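Engineer: Below: one structure in structure tokens.
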Amino acid sequence: MGLIAGVFELLFGGGRNVVRETAEVFRENAEAGAERVVALRGQAMNQFGAEFEVPRKGGFDRFMDGLNRLPRPALALGTLGLFVAAMVDPLWFAARMQGIALVPEPLWWLLGVIVSFYFGARHQAKVQDLQRDISVTMMRAPQVMANLRALHEMRADSPGAADPGPDAELTAEVIIPDENPALEDWRRLQRA
């Protein structure tokens, strides 16, 4: 019995566990690893919390904090609003998009630079020929005006919107009513 007790004393005695210590060389102790993760997370939370420990003294600080939180939701909600507007009133939306077609290319680049700087981009560089872009935009103006007139004529409330024009075949097709089984059933019930 003394030999077995001596082996156990060697392996587990003296407040040590040689087997555990040897195994931890090859595999992390899960309990100790979890304790380290908890400590790391606690330190990170303390660091994040320290950022907000500075008291905001004036209304200007609160105003700027609120203002800094507006652009992302405004852009997201504005984009969704454009989709809704396109579905609700396509002609109104198309007229607005024709107006956007007149925005000169340099302004689009300027908007892109402002937005990219706001959202963290370090730089945006492209060589632009301002006069060429403005002239191309101005050459689009007559087409945009023609498109706006065509869109205005397509509105349901504009006079003559349903006029087939000089096309005789189209006029004949418009005059001939389509078959409507539901309407015929209703008329039959009304006569009876």
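The values are calculated or read from the model by the stated rules, or taken from the named source; none is laboratory data. Model, not experiment: these values are computed from the prediction. Every residue, glycine as well, gets a Cβ built from its backbone with ideal geometry; the counts of neighbours run over all protein chains shown.
Engineer: Quick one: what pairs do we get from region 133-145, first residue surrounded by 11 or more Cβ atoms within 10 Å (Cβ to Cβ), second assigned to a helix (DSSP H, G or I) and modelled with pLDDT of 80 or more, C-beta under 7 Å, 6+ apart or different chains?
Structural biologist: Asp133/Glu105; Asp133/Pro106; Thr137/Glu105; Val144/Gln98
Engineer: Something else: Kindly indicate the residue of region 159-169 that is surrounded by fewer than 12 Cβ atoms within 10 Å (Cβ to Cβ) and closer than 28 Å to Ala95 by Cα and also modelled with the lowest pLDDT among those meeting that condition.
Structural biologist: Ala161
Engineer: If you check Ser135, Ser116, which single one turns out to be assigned to a helix (DSSP H, G or I), more than 26 Å from Pro73 (Cβ to Cβ), among the small types (Gly, Ala, Ser) and at pLDDT 70 or above?
Structural biologist: Ser135
Engineer: Let me ask something else. Return yes or no: is Phe93 within 30 Å of Arg149 (Cα to Cα) and in a helix (DSSP H, G or I)?
Structural biologist: yes
Engineer: Please find, among Pro90, Pro106, the residue that is at pLDDT 85 or above and either in contact with a Lys or Arg (Cβ under 6 Å, 6 or more places away or on another chain) or under 30 Å from Leu67 (Cα atoms) (or both).
Structural biologist: Pro106
Engineer: Name, by its number, the condition in (1) within 30 Å of Val144 (Cα to Cα); (2) surrounded by fewer than 10 Cβ atoms within 10 Å (Cβ to Cβ) that does not hold for Phe48.
Structural biologist: The one condition Phe48 does not meet is (1).
Engineer: So which pairs qualify, if the first residue must be in region 67-85 and under 27 Å from Ala95 (Cβ atoms), the second must be modelled with pLDDT under 85, the Cβ gap must be under 9 Å, and the two must be at least 6 apart or on different chains?
Structural biologist: Pro71/Val115; Pro71/Tyr118; Pro71/Phe119; Leu75/Val115
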